[in-house]
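Trainee: This is the structure, below, for whatever I ask next.
The values are calculated or read from the model by the stated rules, or taken from the named source; none is laboratory data. Predicted model, so just to flag it, every value in this text is computed and none were measured. Here the Cβ positions follow ideal geometry from the backbone for every residue, glycine too, while neighbour counts run over all protein chains shown.
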Amino acid sequence: MKRDGDMTLSTPKIKSSGIIVEYDGKRALHGIDLDIYPNEVTALIGPSGCGKSTFLRCINRMNDVIDNCKVSGRLMIDDTDVYDPEIDVVELRARVGMVFQKPNPFPKSIYDNVAYGPRIHGLTENKDDMDRIVKKSLKRAGLWDEVRERLDDKALGLSGGQQQRLCIARAIAVNPEILLMDEPCSALDPIATSIIEELINELRERFTIVIVTHSMQQAARVSQKTGYFHLGNIIEYGETNDIFTRPKNEQTEAYISGRIG
Amino acid sequence: MVEKKHIVTAFDEDLTTLNDMMARMGALAETQLFASTEALIARNPSGLDDIIKRDKELDDLEALLNEKVIEIIALRAPRAEDLRRVIVALKVASTLERIGDLAKNIAKRNKVILGTTVKTQMLPSIRTMTSMVLKMLNKTLDAYVEVDAVTALDVMEADIEVDKLNTVVFQSLIEEMSSDQEQLKIGPHLLFVTKNIERIGDHITGIAEQIYFLHHGEMPDKTRPKADQSSSIALS
């Protein structure tokens, strides 16, 4: 699949070359070539079933858990071949955090939700270390001031927007390099959405962020690059500003303008 | 250009309304320009007051169009070509309103000119300039509806000839005034009349550039030579 020009001189953080995904022998992705750059937000847009979430889930091998799903092609994160059979998938997922559509905190305390990852990855020596990580992660997720007095409360008692920020805190607590977000605001009201979007903008200084969204306004607001997927192909990929003002491809234009044939 | 309809049909209706408003403004600007210069050629001032009054219609249409554009941006969040279309509509409407102002100014000056018995030899040239500009305007309005960037480029080229003719007419009017003191009663006004027609040509060129932008998403190359040399002409 052709992409438009060299968009940046920096080295891609994620490099997808000819990624094909098949479910029960049926192709969901037809060979995706895509370079995703560090410290940027890359938005993947497209109609339902276009393959954008499937592609996102290739990056941290979430498709591995689906029966009869076969991934071929090459996906590199820096110098790591994600589909190398020798790779430790648990370690990979520590490098590549994920936030889902619906906030999914564990039925535990706020503190334990954030501490969960560092604990299983053995990232701390003692309680003080853990306290520091929990506080830092909650601060980065913009939630600390709201929960500092009730860290032992149940996470499920938080509002939807707070729960989603808690999930972001949980994802960044293991200090990943990449954050994948699969429609992170689709279950949230506009105010909670704005808070998450502002957070995404702050987080990109530390992480490479890939977000799948059905909201084109959201893609336009939060991302620096946008890829338009359709029927398992990437149709156009470029600077978000260009995609939303003068896309080169007619299919992209029709989709972002809300047109049908 | 994207031919497909929007899923939200009301958006298509909004854009059609915008085009209709623009067409009305364009037609009125054309009529105003034609009538204001034709009165001079025919030495018939009877319609000039109407032209001066009708300018308000263009002002009102522009205000309505501005409201419609704001409504579309607020309610439809247009993107890509749709966004260019509404922004270009805003700019073109403002330009058509300005053309109306210039036509009104021509009408006012023609009232003064026709209030004297002094005649100029320049009427055929003024008529030619007006015809050239009206043809440009007509082509531009069609090109706007069709988003025809090729015709828009033709219009930009055509303005060069208007500029050249304006230079010649300017020189001739100066000569008329220097050879006959009586011409000073109408000459300065005629200079403004011709300059206004030339400015209208410039404004139409501006609209043509917007059509090019609407089609291509970028402005055309701005290396067009300046053919109006009247600002450098001195009395010899």
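Trainee: Would you confirm whether any residue within the range A:162-170 is free of Cβ contacts under 8 Å to residues at least 40 places away in the same chain, crowded, with 20+ Cβ neighbours inside 10 Å and under 23 Å from A:ILE45 (Cα atoms)?
Mentor: Yes: one or more hits.
Trainee: Answer yes or no: is there a residue in the range B:194-215 that is more than 15 Å from the chain's Cα centre (by Cα) and farther than 18 Å from B:THR95 by Cα.
Mentor: Within the range B:194-215, one or more residues are more than 15 Å from the chain's Cα centre (by Cα) and farther than 18 Å from B:THR95 by Cα.
Trainee: Within the range B:119-152, track down each residue that is of a type outside the set (Ser, Thr, Tyr), surrounded by fewer than 16 Cβ atoms within 10 Å (Cβ to Cβ) and either at pLDDT 95 or above or part of a helix (DSSP H, G or I) (or both).
Mentor: If the condition is that a residue be of a type outside the set (Ser, Thr, Tyr), surrounded by fewer than 16 Cβ atoms within 10 Å (Cβ to Cβ) and either at pLDDT 95 or above or part of a helix (DSSP H, G or I) (or both), then B:LEU123, B:PRO124, B:ARG127, B:LYS135, B:ASN138, B:ASP142, B:VAL145, B:GLU146, B:VAL150 are the ones that fit.
Trainee: Here is a further query. Return a yes/no flag: does the range B:102-116 have any residue that is within 14 Å of chain A (Cβ to nearest Cβ) and under 23 Å from B:GLU62 (Cβ atoms).
Mentor: no
Condition check ((1) closer than 29 Å to A:TYR255 by Cα; (2) in contact with a Pro (Cβ under 6 Å, 6 or more places away or on another chain)) across all residues:
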{"site": "A:ASP152", "(1), (2)": "no, no"}
{"site": "A:SER159", "(1), (2)": "no, no"}
{"site": "A:GLN163", "(1), (2)": "no, yes"}
{"site": "A:ASN201", "(1), (2)": "yes, no"}
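Trainee: What pairs come out if I take residues in the range B:6-22 that are within 14 Å of chain A (Cβ to nearest Cβ) and pair them with residues that are of a type in the set (Val, Ile, Thr) whose C-beta lies under 9 Å away, six or more apart or interchain?
Mentor: If the second residue must be of a type in the set (Val, Ile, Thr), the pairs left are B:HIS6/A:ILE260; B:ILE7/A:ILE260; B:PHE11/B:ILE72; B:ASP14/B:ILE72; B:ASP14/B:VAL86; B:LEU15/B:ILE72; B:LEU15/B:VAL86.
Trainee: Every residue in the range A:76-93 that is in contact with an Asp or Glu (Cβ under 9 Å, 6 or more places away or on another chain) and in a helix (DSSP H, G or I), please.
Mentor: Passing the criteria: only A:VAL89.
Trainee: Another question, if that's okay. Can you tell me how many residues within the range A:244-261 are in contact (Cβ under 8 Å) with a residue 24 or more places away in the chain and either of a type in the set (S, T, N, Q) or more than 8 Å from every other protein chain (Cβ to nearest Cβ) (or both)?
Mentor: Residues meeting the conditions: 3.
Trainee: If you don't mind, another one. What helices (runs of 4 or more DSSP H) lie completely within the range A:152-235 and have 3 or more residues being more than 14 Å from every other protein chain (Cβ to nearest Cβ) and of a type in the set (A, V, I, L, M, F, W, C)?
Mentor: A:160-172, A:190-203
Trainee: A follow-up question, please. Given the criteria more than 14 Å from every other protein chain (Cβ to nearest Cβ) and crowded, with 17+ Cβ neighbours inside 10 Å, does B:ILE51 qualify?
Mentor: yes
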